[in-house]
Amino acid sequence: MPESTSMGRKLAEAHVNMGKILFHTGVRVALAGVVVFAGIRGNPPKGAPASLIAGLVAALIALLALGWVFFPLVHWGDHLTFYEAGIIVGRQPWALEKLGEISFMDVKNNYSLFGQTYMCTQARRFNVTYIKDAKKNYNRAYFKGI
């Protein structure tokens with residue numbers, strides 16, 4: 001990779017946490033299954049939808065639910081590579097000078113089962129929720145510690 005040679009020596013690497021992705025997806029599948037089962041038990045289908053609009057709305061809701069259930073799979077290819085003069089986030093190289101000060105932030109909101117982890121820089125906030133030991137590898141690369 002040409003950008004890796006200009007960034008210096010590779011210091012550390014952090015890969016995707018496949019177990020976390022599969023766990024989050026599994027919990028979402030189970031939750032969606034319970035909701036669908038409860039909906040069918042409480043209001044069993046009786047033929048076709050009342051109108052075309054009702055059918056389209058139901059299909060749109062089902063499509064959005066599928067997107068929500070399988071969203072963690074989008075992060076399957078996430079990784080961080082730490083170099084002497086920069087960081088590669090996914091496939092995008094970033095110079096340390098451009099990133100500025102780097103900190104990590106854990107966010108938990110009331111509407112989610114799981115928290116999220118961000119690598120905050122002056123350039124941008126990177127979602128590193130599904131990267132295994134991102135902060136630990138960052139500290140190991142640049143501060144020689146854990």
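The values are calculated or read from the model by the stated rules, or taken from the named source; none is laboratory data. The shown structure was predicted, so the numbers you read here are calculated from the model rather than taken from an experiment. FYI the Cβ positions are ideal-geometry reconstructions off the backbone, even for glycines, and counts take in every protein chain you see. All accessible areas refer to the heavy atoms of the entire protein, side chains included, with ligands and DNA or RNA removed. Shrake-Rupley method; radii C 1.70, N 1.55, O 1.52, S 1.80 Å.
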- [ ] Pull up the stretch 1-12, narrow it to residues that are surrounded by 13 or more Cβ atoms within 10 Å (Cβ to Cβ) and modelled with pLDDT of 80 or more, then point me to the one that is nearest to the chain's Cα centre (by Cα).
- [x] Ala12
- [ ] Within the stretch 42-68, work out how many residues are more than 20 Å from Arg28 (Cα to Cα) and either open to solvent by 90 Å² or more (accessible area, probe 1.4 Å) or in contact with a Pro (Cβ under 7 Å, 6 or more places away or on another chain) (or both).
- [x] 8
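Determine which member of the set His24, His15, His75 is closer than 30 Å to Thr129 by Cα, touching a strand residue (DSSP E or B) at 6+ places or on another chain (Cβ under 7 Å) and part of a helix (DSSP H, G or I).
After applying the criteria, what remains is His75.
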Open item on the list: Being open to solvent by less than 60 Å² (accessible area, probe 1.4 Å) and of a type in the set (Phe, Trp, Tyr) narrows it down to one residue among Phe37, Phe104, Phe71, Phe23; which is it?
Closed with: Phe104
Open item on the list: So for the stretch 88-99 (the condition being within 17 Å of Thr129 (Cβ to Cβ), surrounded by 11 or more Cβ atoms within 10 Å (Cβ to Cβ) and in contact with a strand residue (DSSP E or B) (Cβ under 6 Å, 6 or more places away or on another chain)), does at least one residue qualify?
Closed with: yes
Open item on the list: Looking at the stretch 55-64, can you tell me whether even one residue there is assigned to a helix (DSSP H, G or I), without any contact (Cβ under 8 Å) to a residue 12 or more places away in the chain and within 13 Å of the chain's Cα centre (by Cα)?
Closed with: no
Open item on the list: Suppose the filter is open to solvent by 60 Å² or more (accessible area, probe 1.4 Å) and either modelled with pLDDT under 90 or closer than 22 Å to Asn17 by Cα (or both); does Asn139 pass it?
Closed with: no
- [ ] Determine which member of the set Gly47, Gly8 is touching a strand residue (DSSP E or B) at 6+ places or on another chain (Cβ under 8 Å) and in a loop (DSSP other than H, G, I, E, B).
- [x] Gly8
